[in-house]
Amino acid sequence: MTASLLDPITLGAIAAPNRIVMAPLTRGRAGPDFVPNELARDYYRQRASAGLIISEATGISQEGLGWPSAPGLWTDAQVEGWKPVTEAVHQEGGRIVAQLWHMGRVVHSVFNDGKPPVSASATQAPGKAHTPVGRRDYEVARPLELGEIPRVIADYVKAAENAKRAGFDGVQLHGANGYLIDQFLRDGSNGRDDDYGGPVENRIRLLREVTEALIGVWGKDRVGVRLSPNGDSQGVDDSAPETLFPAAAAALDALGIAFLELREPGPDGTFGRTDVPKQSPAIRAAFRGPLILNSDYDVAGAEADLASGVADAISFGRPFIGNPDLVERIRTGAAWSADNPQTWYSPGAEGYTDYPALVAA
């Protein structure tokens with residue numbers, strides 16, 4: 001049976017009324033100490049008609065968060081800050097999961113009391129970090145010692161427990177976009193010679209172990225994962241994605257997670273454009289659960305991929321910035337409003353909660 005964007009879907013234990021997922025979007029509006037505020041409550045409330053909201057990337061620890069004014073989930077104050085957000089989404093009939101984030105080597109030391117970032121290996125991201133004291137060159141990461149990995153997994157567990165306390169409907173592990181899990185997955189950033197490096201089965205070990213730990217908190221039907229399987233992301237790449245990512249997907253399939261989301265830019269993508277082929281067809285064969293695809297979709301492209309069966313749902317990122325009622329616009333065929341890139345990360349309501357909803361004729 002052919003599915004369409006407005007059809008309901010079951011994502012593990014989450015019953016979504018449509019297949020229009022709000023992708024995770026870093027917006028930089030959290031208050032001091034990485035605590036979400038009333039602006040976040042209003043922002044997510046406005047977008048609650050999405051079949052599922054995946055929250056902006058949310059730090060699991062001070063060590064793992066290196067973006068100014070991004071939210072966290074490792075302190076009681078952060079939990080309390082998230083509670084009005086999840087409550088507002090639920091009051092509007094929506095569903096929201098927390099995306100759990102460790103940035104690895106792209107955390108500048110200014111965020112972590114001068115301590116160097118950690119990663120799979122002693123590598124350095126290209127470019128410059130956004131910090132509270134301006135743009136700074138990324139630094140060479142310190143390889144995580146084998147004995148430290150249980151501590152990192154414990155940080156994910158604590159954040160998952162805090163997400164439950166905060167009222168989320170589940171969690172998504174951020175395993176994409178050149179952050180810590182991705183740094184372990186891909187051979188361009190993982191030069192380890194222990195149980196977490198070398199062969200594919202070793203490089204996917206941290207992904208599997210963290211996912212297992214999250215399942216221990218939430219159950220497999222409320223845990224999702226995000227991967228970015230094709231092309232370079234923040235200097236992280238792999239020599240054989242066609243081997244690595246189907247293996248990773250098969251490992252996640254064996255765990256029975258609620259859904260897998262893939263960010264797959266193409267050669268004409270607005271961000272991270274690449275000629276590396278999309279890996280979703282091979283991943284589709286390896287992963288039997290709900291598969292959510294993302295990157296530069298319009299309605300026609302989304303409907304085509306749902307109809308072909310390569311995707312079960314589509315996540316939209318930037319369209320949800322300028323269109324808080326994107327679902328209604330898709331339902332009615334109304335035009336989409338453009339978003340303003342100048343206000344993606346700026347403080348305040350402008351470009352965040354002030355985009356108008358569609359006015360009925």
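The values are calculated or read from the model by the stated rules, or taken from the named source; none is laboratory data. Note that the coordinates shown come from a computational prediction; the quantities given were computed from them, not determined experimentally. All Cβ positions, glycine included, derive from the backbone under ideal geometry; neighbour counts span all protein chains shown.
When you scan the range 307-356, how many residues do you find that are more than 21 Å from the chain's Cα centre (by Cα) and within 30 Å of Ala282 (Cα to Cα)?
Residues in the range 307-356 being more than 21 Å from the chain's Cα centre (by Cα) and within 30 Å of Ala282 (Cα to Cα): 4 in total.
Is it the case, given these coordinates, that Ser233 is closer than 21 Å to Thr123 by Cβ, small (Gly, Ala, Ser) and modelled with pLDDT under 95?
Taking the combined requirement at face value, the residue satisfies it.
Please tell me if Ala254 is part of a helix (DSSP H, G or I), crowded, with 16+ Cβ neighbours inside 10 Å and either modelled with pLDDT under 95 or among the small types (Gly, Ala, Ser) (or both).
No; evaluated as a whole, the condition is false for this residue.
Do we have Asp221 as without any contact (Cβ under 8 Å) to a residue 12 or more places away in the chain, among the acidic types (Asp, Glu) and farther than 29 Å from Ala125 by Cα here?
Criteria not met by Asp221.
Quick check on the range 60-87: of everything there that is of a type in the set (Gly, Ala, Ser) and under 14 Å from Gly31 (Cβ atoms), which residue is surrounded by the fewest Cβ atoms within 10 Å (Cβ to Cβ)?
Ala77
A quick yes/no check of all residues on (1) surrounded by fewer than 24 Cβ atoms within 10 Å (Cβ to Cβ); (2) under 23 Å from the mean Cα position of the chain (by Cα):
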{"position": "Val89", "(1), (2)": "no, yes"}
{"position": "Ala98", "(1), (2)": "no, yes"}
{"position": "Val110", "(1), (2)": "yes, no"}
{"position": "Ser121", "(1), (2)": "yes, yes"}
{"position": "Ala125", "(1), (2)": "no, yes"}
{"position": "Lys128", "(1), (2)": "yes, yes"}
{"position": "Arg135", "(1), (2)": "yes, no"}
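Considering only residues that are exposed (fewer than 15 other Cβ atoms within 10 Å of the Cβ) and hydroxyl-bearing (Ser, Thr, Tyr), look in the range 303-333 and name the one that is nearest to Glu350 (Cα to Cα).
Ranking the qualifying residues of the range 303-333, first place goes to Thr332.
Within the range 165-191, count every residue that is surrounded by 17 or more Cβ atoms within 10 Å (Cβ to Cβ) and among the basic types (Lys, Arg).
Here the count works out to 1.
For the range 154-177, give me each residue that is assigned to a loop (DSSP other than H, G, I, E, B) and of a type in the set (A, V, I, L, M).
Within the range 154-177, Ala176 is the sole residue that qualifies.
Given the structure, is Ala247 touching a Ser or Thr at 6+ places or on another chain (Cβ under 9 Å), part of a helix (DSSP H, G or I) and more than 21 Å from Asp169 (Cα to Cα)?
Here the answer is no, as Ala247 does not meet what is asked.
Name the residues in the range 265-302 that are closer than 16 Å to Asp232 by Cα and surrounded by fewer than 19 Cβ atoms within 10 Å (Cβ to Cβ), would you?
Hits for the range 265-302 are Gly266, Pro267, Asp268, Gly269, Thr270, Phe271, Arg273, Thr274, Asp275, Val276, Pro277.
If I filter the range 178-206 down to residues being part of a loop (DSSP other than H, G, I, E, B) and of a type in the set (Lys, Arg), which single residue comes out as nearest to the chain's Cα centre (by Cα)?
Looking at the filtered set, the residue picked out is Arg186.
Just wondering, is there one or more residues in the range 232-248 that are among the hydroxyl-bearing types (Ser, Thr, Tyr), touching a helix residue (DSSP H, G or I) at 6+ places or on another chain (Cβ under 9 Å) and crowded, with 19+ Cβ neighbours inside 10 Å?
For the range 232-248, residues among the hydroxyl-bearing types (Ser, Thr, Tyr), touching a helix residue (DSSP H, G or I) at 6+ places or on another chain (Cβ under 9 Å) and crowded, with 19+ Cβ neighbours inside 10 Å: present.
If Val107 satisfies every condition in (1) of a type in the set (Val, Ile, Thr); (2) over 30 Å from Asp193 (Cβ atoms); (3) touching a Leu at 6+ places or on another chain (Cβ under 9 Å) but one, which is the exception?
(2)
When only residues in the range 27-45 that are crowded, with 20+ Cβ neighbours inside 10 Å and not charged (D, E, K, R) count, which is farthest from Asn323 (Cα to Cα)?
So the residue we want is Phe34.
Being of a type outside the set (A, V, I, L, M), more than 30 Å from Ile9 (Cβ to Cβ) and at pLDDT 95 or above is the filter here; which residues of the range 38-68 pass it?
Once the filter is applied, which keeps residues that are of a type outside the set (A, V, I, L, M), more than 30 Å from Ile9 (Cβ to Cβ) and at pLDDT 95 or above, the range 38-68 yields Glu38, Ser61, Gln62, Glu63, Gly64, Gly66, Trp67.
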